[in-house]
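The values are calculated or read from the model by the stated rules, or taken from the named source; none is laboratory data. Everything numeric here is computed off the predicted structure, so don't read it as measured data. Using ideal geometry, Cβ is built from the backbone for each residue, glycine included, and neighbour counts are taken over all protein chains shown. When the accessible area is computed, the model is the full protein with side chains, heavy atoms only, and any ligands, DNA or RNA have been set aside. Shrake-Rupley method; radii C 1.70, N 1.55, O 1.52, S 1.80 Å.
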Amino acid sequence: MSTVYEPSAAPAATARAFLEVRDLRIHFPTDDGLVRSVDGLDFTLERGQTLGIVGESGSGKSVTSLGILGLHHRKNSRMSGEIWLDGRELVGADPDDVRRLRGRAMAMIFQDPLSSMHPFYTIGAQIIEAYRIHNAVSKRVARKHAIDMLGRVGIPTPDKRVDDYPHQFSGGMRQRAMIAMALSCDPELLIADEPTTALDVTVQAQILDLLRDLQQEFNSAIIMITHDLGVVAELSDRIMVMYGGRSIEQGTVEELFHSPQHPYTWGLLGSMPRLDRDRTDRLMPVKGSPPSLINLPSGCAFHPRCPHAQGPGSPCTTVRPELVATAAHSGHRVACHLSPEQRLDIWENQIRPNL
Amino acid sequence: MGAVVMLVIVSMVTFGIFFQLPKLAGQTTDQLAASYVGKAPTAEAIADVKERLGLDDPLAVQYGRFVKGVFTGQDFSNGPSVEHCAAPCLGYSFRTNEPVLPTLLDRAPVTLSLAVGASLIWLVAGVSIGILSALRRGTVFDRMAMATALAGVSLPVYFTGLVSMAVFVYTFRLWPNGVAYSDFTENPGLWAWNLVLPWVTLAFLYAATYARLTRSQMLETLGEDYIRTARAKGLPERTVIGKHALRASLTPIVTIFGLDLGLLLGGAVLTEQTFSLPGLGSLSIHSILSGDLPMVMGVVLLATVFIVFASLIVDILYAVVDPRVRLG
Ligand SMILES: Nc1ncnc2c1ncn2[C@@H]1O[C@H](COP(=O)(O)OP(=O)(O)OP(=O)(O)O)[C@@H](O)[C@H]1O
Ligand code: SF4
Ligand SMILES: [Mg+2]
């Protein structure tokens with residue numbers, strides 16, 4: 001397929017971003033058919049930057065992040081496209097080479113810190129293990145490092161808590177420990193897949209603060225996956241909106257919140273709770289149900305739910321819209337057949353006033 | 001504490017059943033005593049037996065005598081002579097007049113040999129097949145292993161036992177003199193050789209269960225989030241499987257293994273019967289069939305001790321492997 005890239009992102013190797021994902025496809029053959037969980041995804045991310053990925057359940061966020069880490073089983077998944085991390089291509093790489101990058105160059109924080117930690121090993125043992133795979137150090141040094149990391153993420157008396165088991169930690173502390181583990185080898189890329197969903201609001205804010213501080217300290221690139229637009233708004237530099245395994249809009253936080261161009265993004269913004277409005281009055285979730293990933297709707301995958309879709313026979317139902325820059329040299333890209341003028345008109349006159 | 005209560009309850013129930021059941025079936029103590037006398041029960045002999053065994057005493061008194069014997073020993077009038085049975089006394093067989101405890105101790109090594117050997121085989125075979133099956137889920141190996149395992153759990157021991165006897169003993173004549181138990185201390189090689197068939201037959205049954213259990217445990221564990229985390233750390237696959245997955249999958253298996261072994265130590269009835277092994281299992285069957293109360297009591301109590309002990313060890317072991325249990 002012919003994806004349109006930003007002019008600067010021509011295939012010259014020198015111009016590669018720190019993380020560059022190109023035409024990524026991750027498909028799962030199942031008894032019901034081929035599940036196209038990720039189907040032609042493009043995005044880039046630079047060091048020290050945070051990319052927020054939003055999209056409803058099943059849009060392929062987790063599958064994408066596990067794909068970057070090479071965590072899909074080669075046997076029951078098919079992966080194609082390119083993932084460039086710091087100049088190395090990962091999709092076609094030897095699985096063992098990718099394995100060596102995991103934990104060291106790229107690390108992940110999972111949604112549920114309790115189930116994501118081994119119940120039979122102490123927190124310390126699990127961090128020590130993560131550190132020692134990639135660093136030839138003695139157990140003592142590794143243990144000191146583990147205590148250090150626990151202290152850094154704000155666990156009180158880390159020299160004692162290091163010998164605790166996961167079930168002895170509170171939810172928030174577990175997630176801190178998870179972060180300590182993920183950061184133990186100074187990864188350049190950190191993927192956080194809904195890191196705060198399982199936590200209550202105050203703890204959530206603390207964890208996000210922590211991630212922000214740590215990012216400044218380590219200058220790592222972060223991919224922040226969440227349902228919560230508030231979280232992305234606060235933490236991200238850029239946002240990517242996913243729908244049906246594809247990116248349908250991406251841009252800076254500013255662009256996506258103040259001049260979003262895709263009807264699905266409008267829907268998402270409409271579903272975002274805001275304190276200054278009455279709840280019943282303003283919460284408008286995107287109507288309809290997520291698309292089947294086995295039989296994606298033809299044309300624009302969003303067309304069965306899109307209030308602005310042109311009728312049958314129009315490009316909306318026949319031609320898949322490509323992700324194109326909204327203006328020359330702009331990083332704001334959108335995949336919709338509406339003309340820029342139409343989009344601006346609808347946004348300014350129908351959507352924004354009702355948000 | 002629970003263990004003691006358990007023993008008391010089990011012994012009382014056994015005692016009660018033994019004496020109540022014949023009564024409910026309309027048998028008098030005379031008839032019961034008559035069955036112990038032998039060929040020609042004269043009224044005199046019956047009265048003698050009743051007197052000697054105290055069969056006419058109330059149940060509680062009989063039970064009390066039994067318990068007292070366990071703690072302080074007991075004197076038995078055996079015809080003209082009086083024998084003293086020292087403290088833990090489980091009494092004398094109604095049938096053979098043999099003291100119960102020495103008989104048990106005599107039979108126990110057979111069952112112990114059978115159970116320990118078989119359990120090692122089934123543990124190693126069952127768990128490794130289960131793991132391999134899980135890792136190669138859906139392959140020919142997995143399908144064949146699981147089909148065999150299904151056969152293993154559904155075929156009774158006396159069937160597999162008799163088939164294996166027919167094949168290896170009578171057709172191939174690997175054991176030209178038949179399979180007979182021989183003592184370990186006399187000739188360990190012969191001991192093992194003679195136990196191979198019972199071991200394998202018994203192990204087959206259990207290995208099948210263990211393979212299925214290990215496989216499903218392993219598959220479940222491999223789907224756990226913490227396995228994904230272990231991979232995300234960059235651990236090599238053999239560490240992910242061999243350390244993280246195995247540790248979690250084997251925990252429940254350890255528990256079941258302990259209980260199975262404890263249960264088996266009380267007597268592997270079917271296997272012992274099939275291979276004519278003089279263990280606790282065949283002793284218990286004979287004792288029950290011949291209405292030999294003291295012997296039945298002895299076997300049942302010993303089996304209970306094994307089970308109670310095994311579950312105690314399992315509890316301790318479980319706390320060692322699973323920190324969530326240890327710390328409450
Ligand atoms: N191994 C697999 N085999 C088949 N289908 C899969 C597999 N893994 C994921 N999928 C499917 O891929 C789709 C995308 O899943 P994914 O977990 O990426 O969604 P998500 O965007 O992270 O959603 P959520 O917000 O609920 O976490 C889902 O429909 C899921 O059922
Ligand atoms: S392409 Fe058509 S259906 Fe798709 S979002 Fe744009 S208007 Fe709606
Ligand atoms: Mg997800």
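Give me the pairs, please: first residue somewhere in the stretch B:247-268 and closer than 25 Å to B:Tyr226 by Cβ, second residue anywhere and outside any helix (DSSP H, G or I) and charged (D, E, K, R), beta-carbon distance under 8 Å, and either six or more positions apart or on two chains.
Final answer for the pair search is B:Ala248/B:Glu224; B:Thr251/B:Asp322.
Would you mind stating whether A:Val38 is open to solvent by less than 30 Å² (accessible area, probe 1.4 Å), more than 14 Å from chain B (Cβ to nearest Cβ) and more than 11 Å from ligand 1 (Cβ to nearest atom)?
No; evaluated as a whole, the condition is false for this residue.
Name the single residue that is nearest to ligand 1 (Cβ to nearest atom) among those in the stretch A:82-100 being open to solvent by 30 Å² or more (accessible area, probe 1.4 Å) and either touching a residue at least 40 places away in the same chain (Cβ under 8 Å) or among the acidic types (Asp, Glu) (or both).
Here the answer is A:Glu82.
Pick out the one residue from B:Arg228, B:Arg247 that is under 27 Å from B:Leu317 (Cβ atoms), open to solvent by 60 Å² or more (accessible area, probe 1.4 Å) and within 13 Å of chain A (Cβ to nearest Cβ).
On inspection, the qualifying residue turns out to be B:Arg247.
Can you name every residue in the stretch A:182-206 that is more than 17 Å from the chain's Cα centre (by Cα) and open to solvent by less than 10 Å² (accessible area, probe 1.4 Å)?
Selection gives A:Leu183, A:Ser184.
Every residue in the stretch A:132-161 that is open to solvent by less than 30 Å² (accessible area, probe 1.4 Å) and away from every other protein chain (no Cβ under 14 Å), please.
Correct list: A:Leu150, A:Val153, A:Ile155, A:Pro158.
Check off (1) within 14 Å of chain A (Cβ to nearest Cβ); (2) open to solvent by less than 10 Å² (accessible area, probe 1.4 Å) for B:Pro236 and give me the number that stays unchecked.
Just one mismatch for B:Pro236, condition (2).
B:Ser290 - would you say it is of a type in the set (Ser, Thr, Tyr) and either surrounded by fewer than 19 Cβ atoms within 10 Å (Cβ to Cβ) or in contact with a Cys (Cβ under 6 Å, 6 or more places away or on another chain) (or both)?
Against the criterion (of a type in the set (Ser, Thr, Tyr) and either surrounded by fewer than 19 Cβ atoms within 10 Å (Cβ to Cβ) or in contact with a Cys (Cβ under 6 Å, 6 or more places away or on another chain) (or both)), B:Ser290 qualifies.
Please work out which residue is nearest to B:Met144 (Cα to Cα), limiting yourself to the stretch B:181-211 and to residues that are touching a helix residue (DSSP H, G or I) at 6+ places or on another chain (Cβ under 6 Å) and part of a loop (DSSP other than H, G, I, E, B).
B:Tyr181
Checking B:Leu132 against (1) open to solvent by 40 Å² or more (accessible area, probe 1.4 Å); (2) assigned to a loop (DSSP other than H, G, I, E, B), which test does it fail?
Failing condition for B:Leu132: (2).
If only one of A:Gln111, A:Gln126 is open to solvent by 40 Å² or more (accessible area, probe 1.4 Å) and at the interface with chain B (Cβ under 10 Å from one of its Cβ atoms), which one is it?
Values: A:Gln126 fails: open to solvent by 40 Å² or more (accessible area, probe 1.4 Å).
Residue meeting the stated conditions: A:Gln111.
Among the numbered criteria (1) touching a residue at least 12 places away in the same chain (Cβ under 8 Å); (2) open to solvent by 10 Å² or more (accessible area, probe 1.4 Å); (3) closer than 26 Å to A:Ile128 by Cβ; (4) away from ligand 1 (no atom under 16 Å from the Cβ), which one does A:Leu211 miss?
Every condition holds for A:Leu211 apart from (2).
Confirm whether A:Arg78 is in contact with a Cys (Cβ under 8 Å, 6 or more places away or on another chain) and open to solvent by 30 Å² or more (accessible area, probe 1.4 Å).
Spelling it out, it is not the case that A:Arg78 is in contact with a Cys (Cβ under 8 Å, 6 or more places away or on another chain) and open to solvent by 30 Å² or more (accessible area, probe 1.4 Å).
Can you name every residue in the stretch A:181-203 that is more than 16 Å from ligand 1 (Cβ to nearest atom) and either within 18 Å of A:Lys61 (Cβ to Cβ) or in a strand (DSSP E or B) (or both)?
A:Ala182, A:Leu189, A:Leu190
Of (1) open to solvent by 20 Å² or more (accessible area, probe 1.4 Å); (2) more than 16 Å from ligand 3 (Cβ to nearest atom), A:Gly172 satisfies all except one. Which?
(1)
Of the residues that sit in the stretch A:41-70 and are within 14 Å of chain B (Cβ to nearest Cβ) and either farther than 25 Å from A:Asp96 by Cα or open to solvent by less than 10 Å² (accessible area, probe 1.4 Å) (or both), which one is farthest from ligand 2 (Cβ to nearest atom)?
Per the stated criteria, the residue is A:Leu69.
I'd like the residue in the stretch B:210-253 that is modelled with pLDDT of 95 or more and among the hydroxyl-bearing types (Ser, Thr, Tyr) and, out of all such residues, is farthest from A:Asp96 (Cα to Cα).
That would be B:Tyr210.
Considering A:His258, A:His262, A:His227, which residue is more than 16 Å from ligand 2 (Cβ to nearest atom) and within 26 Å of A:Val35 (Cβ to Cβ)?
After ruling out the rest, the residue left standing is A:His227.
Conditions (1) modelled with pLDDT under 90; (2) assigned by TED's automatic domain parsing to the domain that holds B:Ala125; (3) of a type in the set (Phe, Trp, Tyr), marked per residue:
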| position | (1), (2), (3) |
| --- | --- |
| B:Phe141 | no, yes, yes |
| B:Ala147 | no, yes, no |
| B:Gly152 | yes, yes, no |
| B:Tyr158 | yes, yes, yes |
| B:Ala166 | yes, yes, no |
| B:Tyr170 | yes, yes, yes |
| B:Trp175 | yes, yes, yes |
| B:Ser182 | yes, yes, no |
| B:Glu186 | yes, yes, no |
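Checking the structure you have, find out if any residue of the stretch A:14-29 is open to solvent by less than 60 Å² (accessible area, probe 1.4 Å), part of a loop (DSSP other than H, G, I, E, B), within 16 Å of ligand 3 (Cβ to nearest atom) and in contact (Cβ under 8 Å) with a residue 40 or more places away in the chain.
Checking the stretch A:14-29: not a single residue is open to solvent by less than 60 Å² (accessible area, probe 1.4 Å), part of a loop (DSSP other than H, G, I, E, B), within 16 Å of ligand 3 (Cβ to nearest atom) and in contact (Cβ under 8 Å) with a residue 40 or more places away in the chain.
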